[in-house]
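For reference, the structure is listed below as structure tokens.
The values are calculated or read from the model by the stated rules, or taken from the named source; none is laboratory data. Owing to the predicted nature of the structure, the values given are computational and were not obtained by experimental measurement. Reconstructed Cβ throughout: ideal geometry from the backbone, glycine too, with neighbour counts over all protein chains shown. The protein model used for the area step is the full one, side chains on, heavy atoms only, and it has no ligands, DNA or RNA in it. Shrake-Rupley method; radii C 1.70, N 1.55, O 1.52, S 1.80 Å.
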Amino acid sequence: MLIKDMSMIRKKLLFSALLLMLSMGSFAQVDTVRHEVLLSTTMGDIKVVLYNETPKHRDNFLKLVKKGVYNGVLFHRVIKNFMIQSGDSTSRHAKPGEVTGNHTLPYVIPAEIVFPKCFHKRGALAAAREPDEVNPKYDSSPCQFYIVYGHVYNEPTLDVVQERISKRTQGAVVLPPEVRSVYCEQGGTPSLDGKYTVFGEVIEGLDIVEKIQGVATDANSRPLEDVRIIKAKIIK
């Protein structure tokens with residue numbers, strides 16, 4: 001009788017353990033949705049998709065969008081044929097001509113550089129960060145981001161860029177043929193590859209990015225007429 005009772009107890013314990021494992025598994029499921037965020041700006045709408053290959057950056061960006069951190073902030077740094085940058089939450093109250101872009105949040109995001117799958121093609125969404133001298137691990141700013149515009153390249157100019165990249169990375173970053181083809185056909189900023197985390201891309205509104213990167217700016221690369229994100233909203 002005792003042996004039979006112990007057998008039943010073991011079965012119940014095994015069944016309970018199985019239920020617990022299944023329950024834990026359901027919480028540990030990988031997010032397979034390709035989340036999309038709409039940035040409604042004073043110059044038009046920009047829709048971006050976030051990469052699941054960079055989950056820390058994806059989840060952090062979604063968290064800040066939900067909190068309204070990007071609502072009302074400026075594109076405080078705009079450089080023609082390079083990129084547009086935003087995410088300084090203090091910039092929404094910046095006075096005309098005031099230097100912005102120095103504010104961040106009190107944490108960093110570990111780099112998630114997934115090159116060559118995620119690279120700095122035109123329309124790439126990437127995380128800003130502190131310079132190499134104080135940030136050798138390439139940790140990302142938690143809130144500031146940029147959208148690439150860049151140049152359209154040809155093979156000889158890409159060879160020059162590759163030489164510089166190889167010297168900087170001791171040969172660790174090499175632009176494969178399929179990436180070079182995108183830079184030649186669509187454009188971008190290959191010199192940033194391997195140094196910054198690319199965590200999404202523009203899927204609608206690249207013409208708006210083009211307009212913003214072409215505005216007149218002051219000596220600190222701030223647009224003379226404010227360009228801001230009116231509202232950031234998760235749409236998927």
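Give the peptides 187-194, 89-96, 118-125 in descending order of average Cβ contacts within 10 Å, highest first.
Going by the mean number of other Cβ atoms within 10 Å, highest first, we get 118-125, 187-194, 89-96.
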Near Phe82, within a Cβ-to-Cβ distance under 14 Å, what is the net charge of the other residues, with Lys and Arg +1 and Asp and Glu -1?
-> +3
Globularity ratio of the range 65-205, using Cα Rg and 2.2 N^0.38 Å | 1.09
What accessible area per residue comes out for the range 36-87, rounded to a whole number of Å², with a 1.4 Å probe?
-> 34 Å²
Reduced to Cα centres, the span from the range 129-181 to the range 26-104 in Å works out to 21 Å
Rg (one decimal) and Dmax (whole number) from the Cα set of the chain, in Å, equal 22.6, 89
Name the residue farthest towards the positive end of the dipole of the chain from the options Gly171, Leu206, Ile229, assuming +1 on Cβ of Lys and Arg, -1 on Cβ of Asp and Glu, about the Cα centre.
-> Ile229
Leaving out ligands and nucleic acids, note down the accessible area per residue over the range 119-202 with a 1.4 angstrom probe, in whole Å².
-> 44 Å²
With a/c under 1.5 counting as rounded, go ahead and sort the range 138-213 into rounded, prolate or oblate using the C-alpha gyration tensor (a ≥ b ≥ c being the square roots of the eigenvalues; past the cut-off, prolate if a/b is larger than b/c, else oblate).
-> oblate
Would you work out the relative contact order for the range 42-160, in percent, from Cα pairs under 8 angstrom that are 6 or more residues apart?
-> 26 percent
Computed over the chain: longest principal axis from alpha-carbon atoms vs helix 55-67 long axis, angle to nearest 10 degrees, is 80 degrees
Expressed as a whole-number percentage, the relative contact order of the chain with C-alpha contacts under 8 angstrom and at least six residues apart is 32 percent
Around Leu175 (Cβ within 10 Å, Cβ-to-Cβ, excluding Leu175; K/R +1, D/E -1) the net charge comes to -2
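Roughly how many percent of the accessible protein surface of the chain is carbon and sulfur, given a 1.4 Å probe and a whole-percent answer?
Details: 7580 of 12910 Å².
Carbon with sulfur: 59 percent of the solvent-accessible area.
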Name the residue, out of Glu53, Glu155, Glu201, whose mean-square fluctuation peaks in a Gaussian network model built on the chain with Cα pairs under 10 Å.
-> Glu155
